[in-house]
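If you scroll down you'll find the structure; I have some questions about it.
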Amino acid sequence: MSGRESELPLSPAVRTLAPYPFARLDALREAVEAKGIRVVDLSIGDIREITPEPIRRALVEAVPERSSYPRALGTRALREAAAGWVARRFGVALDPGVHVLPTNGSKEAAFTLHLAVVDPGRRPLVLLPDPAYPVYARGTAAAGGIAHPVPLLAENGFLPDLDAIPADVWRRASILWINYPNNPTGAVAPLEFLVAAAARCREHGVLLAGDEPYTEIYYGDPPPSVLQTGCDNVLALHTLSKRSALPGYRSGFMAGDARLIAALKKFRPAVGVATPGFIQAAAVAAWSDETHVAAFRETFRARRDRVVPALQKIGLPVGTAEATIYLWVRVPGEESSESFVGRALDEGVVLLPGSAMGERGEGFFRLSLTADGDDLDLAVERLARVTAASG
């Protein structure tokens with residue numbers, strides 16, 4: 001070998017990849033814990049509720065004596081259960097063999113979808129909400145696409161202004177991502193907006209990708225789905241991670257345009273994202289039951305109703321809080337999101353700075369309602385000290 005080190009080839013997407021915000025927060029949290037401080041982590045949407053016993057039983061009973069490779073298109077039972085749930089919940093009839101494809105949760109589906117849809121040469125743009133879940137932008141980069149942020153502003157109800165997107169941007173776009181109920185703002189999109197977004201995407205030959213993991217955690221009327229606008233140029237992503245408190249099971253599905261589902265059936269086996277059969281059996285049980293979902297929803301409603309007035313009392317105004325497991329909270333004064341969250345971490349409360357979710361997230365932080373009531377009370381008590389120091 002020569003005197004200098006050999007080079008290792010890396011793709012531009014990996015070379016320029018910033019640390020994932022939650023991994024960075026993990027490291028900072030460990031440093032605080034090393035000081036002997038008991039940390040309350042409200043940064044990530046890791047639901048900690050007990051997995052319902054019938055779902056666990058279905059999984060255990062489905063573990064085979066001999067293992068075999070699962071198929072990427074999933075079992076017919078799971079596709080039928082997903083289609084049945086969509087019909088009951090949204091009133092949309094889907095053909096399980098044509099419109100539905102199981103996924104490993106929704107995160108991998110959101111990331112890999114770009115590899116199947118984005119055309120870097122002809123239609124490189126991906127229209128992303130800002131602020132938003134970071135995976136959309138990372139998937140765009142991995143596919144050689146170009147992220148085009150679309151602002152979500154409080155004065156617009158945290159809905160993107162479709163009329164503000166120039167015609168030449170629509171012509172160069174492959175995907176328009178929307179995420180309602182919205183992470184991080186908690187906003188819910190009315191059906192009229194979804195219909196308008198689907199019509200605009202069909203007009204311009206763009207895929208409307210609706211990331212919908214929070215449709216079942218709501219505090220008013222049940223939120224609609226993009227599937228209610230029709231399947232052409234539409235894909236919805238659903239997961240059991242939030243709905244059924246099964247984040248570790250990594251089970252969900254995508255549903256929509258039959259042409260895209262057919263293409264994904266060719267693409268996904270090569271990616272190696274087939275879900276184990278015993279997980280699929282548990283997923284059938286989960287999609288077939290609503291009792292546990294209603295109970296989880298009431299748990300988060302009680303936490304929201306406990307925390308929102310407490311935060312407002314100490315000078316931390318909360319946004320819409322119509323749905324999801326998050327509160328979108330404005331940072332007091334002119335302090336940056338990173339600075340406020342850093343001071344909260346010194347007090348033993350881990351939050352997500354809004355800037356980690358995009359430029360429009362600056363000035364906010366996201367608080368997850370995944371802790372129990374006592375820990376939430378402790379977090380508010382500590383945040384009161386942080387806020388008092390801001391003045």
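The values are calculated or read from the model by the stated rules, or taken from the named source; none is laboratory data. Owing to the predicted nature of the structure, the values given are computational and were not obtained by experimental measurement. Positions of Cβ are backbone-derived with ideal geometry, glycine not excepted, and every protein chain shown enters the neighbour counts.
Has the range 87-98 got at least one residue that is of a type outside the set (Phe, Trp, Tyr) and closer than 30 Å to Glu381 by Cβ?
No, every residue in the range 87-98 fails to be of a type outside the set (Phe, Trp, Tyr) and closer than 30 Å to Glu381 by Cβ.
Moving on to the next point. Six or more apart or on different chains, Cβ atoms under 9 Å: show the pairs whose first residue is in the range 110-127 and basic (Lys, Arg) and whose second is surrounded by fewer than 20 Cβ atoms within 10 Å (Cβ to Cβ).
Arg122/Arg172; Arg123/Arg171; Arg123/Arg172; Arg123/Gly205
Can you name every residue in the range 191-207 that is part of a helix (DSSP H, G or I) and not basic (Lys, Arg)?
As a first pass, look at the range 191-207 and keep what is part of a helix (DSSP H, G or I): 191-204.
Once the filter is applied, which keeps residues that are part of a helix (DSSP H, G or I) and not basic (Lys, Arg), the range 191-207 yields Leu191, Glu192, Phe193, Leu194, Val195, Ala196, Ala197, Ala198, Ala199, Cys201, Glu203, His204.
Would you check if Ala137 is out of contact with any Pro (no Cβ under 7 Å at 6 or more places or on another chain) and either buried (at least 24 other Cβ atoms within 10 Å of the Cβ) or in a strand (DSSP E or B) (or both)? Before the answer, list the steps.
Details: out of contact with any Pro (no Cβ under 7 Å at 6 or more places or on another chain): yes; either buried (at least 24 other Cβ atoms within 10 Å of the Cβ) or in a strand (DSSP E or B) (or both): no.
No, not satisfied.
Any residue at all in the range 39-56 that's closer than 19 Å to Leu240 by Cα, small (Gly, Ala, Ser) and touching a helix residue (DSSP H, G or I) at 6+ places or on another chain (Cβ under 6 Å)?
Quick first cut of the range 39-56, residues closer than 19 Å to Leu240 by Cα only: 44-56.
Then drop every residue that is not small (Gly, Ala, Ser), which leaves 45.
Checking which are touching a helix residue (DSSP H, G or I) at 6+ places or on another chain (Cβ under 6 Å) leaves us with none.
No: zero hits.
Got at least one residue in the range 149-171 being in contact with a Ser or Thr (Cβ under 6 Å, 6 or more places away or on another chain) and not in a loop (DSSP other than H, G, I, E, B)?
Scanning the range 149-171 turns up no residue that is in contact with a Ser or Thr (Cβ under 6 Å, 6 or more places away or on another chain) and not in a loop (DSSP other than H, G, I, E, B).
Could you tell me which residue of the range 6-24 is modelled with the highest pLDDT, considering only residues that are loosely packed, with under 10 Cβ neighbours inside 10 Å and hydroxyl-bearing (Ser, Thr, Tyr)?
Thr16
Mind telling me which of the residues Leu153, Leu127 ends up being surrounded by fewer than 20 Cβ atoms within 10 Å (Cβ to Cβ) and either at pLDDT below 95 or farther than 17 Å from Asp257 by Cβ (or both)? It would help to see each step written out before you state the result.
On the way: Leu127 fails: surrounded by fewer than 20 Cβ atoms within 10 Å (Cβ to Cβ).
The conditions single out Leu153.
Tell me, please, whether a residue that is among the β-branched types (Val, Ile, Thr) and touching a strand residue (DSSP E or B) at 6+ places or on another chain (Cβ under 8 Å) can be found in the range 44-56. Spell out the reasoning first.
So the first thing to find is which residues in the range 44-56 are among the β-branched types (Val, Ile, Thr), and the list is 44, 47, 50-51, 55.
Subset that is touching a strand residue (DSSP E or B) at 6+ places or on another chain (Cβ under 8 Å): 44.
For the range 44-56, residues among the β-branched types (Val, Ile, Thr) and touching a strand residue (DSSP E or B) at 6+ places or on another chain (Cβ under 8 Å): present.
Within the set of pairs 6+ apart or on separate chains, which have a first residue in the range 83-98 that is assigned by TED's automatic domain parsing to the domain that holds Arg243, a second that is of a type in the set (Phe, Trp, Tyr), and C-beta atoms under 8 Å apart?
Filtered contacts from the range 83-98: Gly84/Trp287; Trp85/Trp287.
Can I ask one more? Taking the range 10-55, which residues are assigned to a loop (DSSP other than H, G, I, E, B) and closer than 30 Å to Leu115 by Cβ?
So the first thing to find is which residues in the range 10-55 are assigned to a loop (DSSP other than H, G, I, E, B), and the list is 10-11, 16-20, 34-39, 42-52.
Matches in the range 10-55: Leu10, Ser11, Thr16, Leu17, Ala18, Pro19, Tyr20, Ser43, Ile44, Gly45, Asp46, Ile47.
For the structure I just gave you, tell me whether Ser368 is modelled with pLDDT of 95 or more and of a type in the set (S, T, N, Q). It would help to see each step written out before you state the result.
Values: modelled with pLDDT of 95 or more: yes; of a type in the set (S, T, N, Q): yes.
So Ser368 passes the test.
Each row is one residue, and each column tells you yes or no for (1) hydroxyl-bearing (Ser, Thr, Tyr); (2) surrounded by fewer than 22 Cβ atoms within 10 Å (Cβ to Cβ); (3) outside the structural domain of Leu153 (by TED's automatic domain parsing).
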| residue | (1), (2), (3) |
| --- | --- |
| Asp346 | no, yes, yes |
| Val350 | no, no, yes |
| Ser355 | yes, yes, yes |
| Gly363 | no, yes, yes |
| Leu367 | no, no, yes |
| Ala371 | no, yes, yes |
| Asp375 | no, yes, yes |
| Leu383 | no, no, yes |
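Scan the range 238-245 and tell me whether some residue there is in contact with a Cys (Cβ under 7 Å, 6 or more places away or on another chain) and either closer than 15 Å to Glu49 by Cβ or in a helix (DSSP H, G or I) (or both).
As a first pass, look at the range 238-245 and keep what is in contact with a Cys (Cβ under 7 Å, 6 or more places away or on another chain): none.
No, there is no match, as no residue in the range 238-245 is in contact with a Cys (Cβ under 7 Å, 6 or more places away or on another chain) and either closer than 15 Å to Glu49 by Cβ or in a helix (DSSP H, G or I) (or both).
Is there a residue being buried (at least 18 other Cβ atoms within 10 Å of the Cβ) and not in a helix (DSSP H, G or I) anywhere in the range 84-94?
Yes, the range 84-94 has at least one match.
Name the pairs whose Cβ atoms lie under 8 Å apart, with the first residue in the range 369-384 and within 12 Å of Asp41 (Cβ to Cβ), the second modelled with pLDDT under 95 and among the acidic types (Asp, Glu), and 6 or more positions between them or separate chains?
Thr370/Asp46; Ala371/Asp41
OK, next. Can you find a residue in the range 73-81 that is outside any helix (DSSP H, G or I), in the same structural domain as Pro184 (by TED's automatic domain parsing) and either within 19 Å of Asp257 (Cα to Cα) or at pLDDT below 95 (or both)? Step through it out loud before you land on a result.
Restricting attention to the range 73-81, the residues satisfying the condition of being outside any helix (DSSP H, G or I) are 73-75.
With in the same structural domain as Pro184 (by TED's automatic domain parsing) added as a condition, the list becomes 73-75.
Now drop any that are not either within 19 Å of Asp257 (Cα to Cα) or at pLDDT below 95 (or both), which leaves 73-74.
Checked against the condition, which is being outside any helix (DSSP H, G or I), in the same structural domain as Pro184 (by TED's automatic domain parsing) and either within 19 Å of Asp257 (Cα to Cα) or at pLDDT below 95 (or both), the range 73-81 yields at least one hit.
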